[in-house]
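J.: If you scroll down you'll find the structure; I have some questions about it.
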Amino acid sequence: MVNLQTEYLGLTLKNPIIVASSGLTNSLSSIKKLAENGAGAIVLKSLFEEQILAETAQNISLDQSYGTDVHDYITEHMRSSKLSDYTTLIREAKAEVDIPIIASVNCITDREWVSFTKEIEAAGADALELNIGVLPSDDEINSAENEENYIKILEKVRRSTNLPIAVKMTTYSAGLANFIKKISWTGFVDGIVLFNKYFQPDIDIDKMEITSTGVFTTSEDISTSLRWVAIMSSKIETPISATTGVHTGADVIKQILVGANNVQIASTLYINGPKQIKLMLEEMEKWMEKNSFNTLDAFRGNMALKNDVNTIAFERIQFMKHYGNIE
């Protein structure tokens, strides 16, 4: 009998499959179904700072006669309403399921969300995932300033709560390995999630409108997180949660092999339903039994980047060997 248990953010998970922040984790009924089908933990759908700020601005703009006091009232009311709904979901989920419930906040500044962490903690969340969604598109801000914004957010939130904190990273960094290591060394976070999946724009040339590419990932999309988990898992002590492109039990195994502590999934659940979790766990168990691995630690990191011919390919960015004959 194999043991799929793992430790993450100071929490004991019965298995390494976490349901990622998404529309799937936005209601109690859905959360219960995911737990019943074997999820190791659930990350609630994020509170979006950017969305609340935009909604607040839209409401205020409807009447230009609003004074400062009314402006402040509307802003606080919108925030309080969103937070109340969120903390209610945390309390209900904690009462109904016996797996860790991780709150999630999508933030773009170091101002709006620090005060909310105490209420999230009081509601009973087991941990907090910070999804820092900053696209480095401002040509007046250099990479060091963008990275400093991350650090400021993490430091302020760390000071405001005793909850374990994970940060969901972006790939947008010129010195990504160094940046991940820097965040790990701050001591502000207890886990690092690689990576955030952003909206991918496209254009409908008939309607002349901006659209999006496919919303859901496939197993082929695993390569980016697989590469960086492999590169970083042996360089930092902070546990890594791997996400994007994890659809099958085999995909989970791959991420554990390169050093991930756990994985986060969403697209495969949208496509296949909650039952996919059970199928993934069964696939993992069969593989582990076949290869005589009784625990995840028995093979975790076996294929992480090392200075050998078997894993050095994770640092290769040219096709070379596999596609060298294609002109």
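The values are calculated or read from the model by the stated rules, or taken from the named source; none is laboratory data. Computed from a prediction, not measured in an experiment: that's the story for all the values here. With ideal geometry, Cβ positions are generated from the backbone for all residues, glycine too; neighbour counts draw on all protein chains shown.
J.: Filter region 24-53 for residues that are loosely packed, with under 15 Cβ neighbours inside 10 Å and modelled with pLDDT under 95 and give the result.
T.: Glu50, Gln51
J.: Given Lys168, Lys181, which one is surrounded by 13 or more Cβ atoms within 10 Å (Cβ to Cβ), closer than 26 Å to Lys45 by Cβ and among the basic types (Lys, Arg)?
T.: Lys168
J.: When region 1-39 is examined, which residues are found to be within 16 Å of the chain's Cα centre (by Cα), in a loop (DSSP other than H, G, I, E, B) and among the aliphatic types (A, V, I, L, M)?
T.: If the condition is that a residue be within 16 Å of the chain's Cα centre (by Cα), in a loop (DSSP other than H, G, I, E, B) and among the aliphatic types (A, V, I, L, M), then Leu9, Ala20, Ala39 are the ones that fit.
J.: Another question about this same structure. Please report, ordered by residue number, the helices (runs of 4 or more DSSP H) entirely within region 206-306 with at least 1 residues that are within 17 Å of the chain's Cα centre (by Cα), surrounded by fewer than 16 Cβ atoms within 10 Å (Cβ to Cβ) and touching a residue at least 12 places away in the same chain (Cβ under 8 Å).
T.: Those helices (runs of 4 or more DSSP H) span 223-232, 267-272.
J.: What tally of residues in region 213-270 results from selecting those that are closer than 19 Å to Asn15 by Cα and β-branched (Val, Ile, Thr)?
T.: 14
J.: For the condition polar (S, T, N, Q), within 16 Å of the chain's Cα centre (by Cα) and not in a loop (DSSP other than H, G, I, E, B), what is the one hit in Asn131, Asn149?
T.: Going through Asn131, Asn149 in turn, just one is polar (S, T, N, Q), within 16 Å of the chain's Cα centre (by Cα) and not in a loop (DSSP other than H, G, I, E, B): Asn131.
J.: Which one of Thr56, Thr117 is within 30 Å of Gly175 (Cβ to Cβ) and either modelled with pLDDT of 80 or more or of a type outside the set (A, V, I, L, M, F, W, C) (or both)?
T.: Of the residues listed, the single one that is within 30 Å of Gly175 (Cβ to Cβ) and either modelled with pLDDT of 80 or more or of a type outside the set (A, V, I, L, M, F, W, C) (or both) is Thr117.
J.: Just to be sure I understand, how many residues within region 178-196 are over 13 Å from Leu154 (Cβ atoms), assigned to a loop (DSSP other than H, G, I, E, B) and without any contact (Cβ under 8 Å) to a residue 60 or more places away in the chain?
T.: Adding up the residues that qualify gives 1.
J.: Return yes when Ser81 is surrounded by fewer than 12 Cβ atoms within 10 Å (Cβ to Cβ), modelled with pLDDT under 60 and either within 24 Å of Leu11 (Cα to Cα) or not aromatic (Phe, Trp, Tyr) (or both) and no when it is not.
T.: Taking the combined requirement at face value, the residue does not satisfy it.
J.: Anything in region 239-272 that is closer than 17 Å to Asn196 by Cα and of a type outside the set (A, V, I, L, M, F, W, C)? List them, or say none.
T.: Correct list: Pro239, Ser241, Thr243, Thr244, Gly245, His247, Gln255, Asn261, Asn262, Gln264, Ser267, Thr268.
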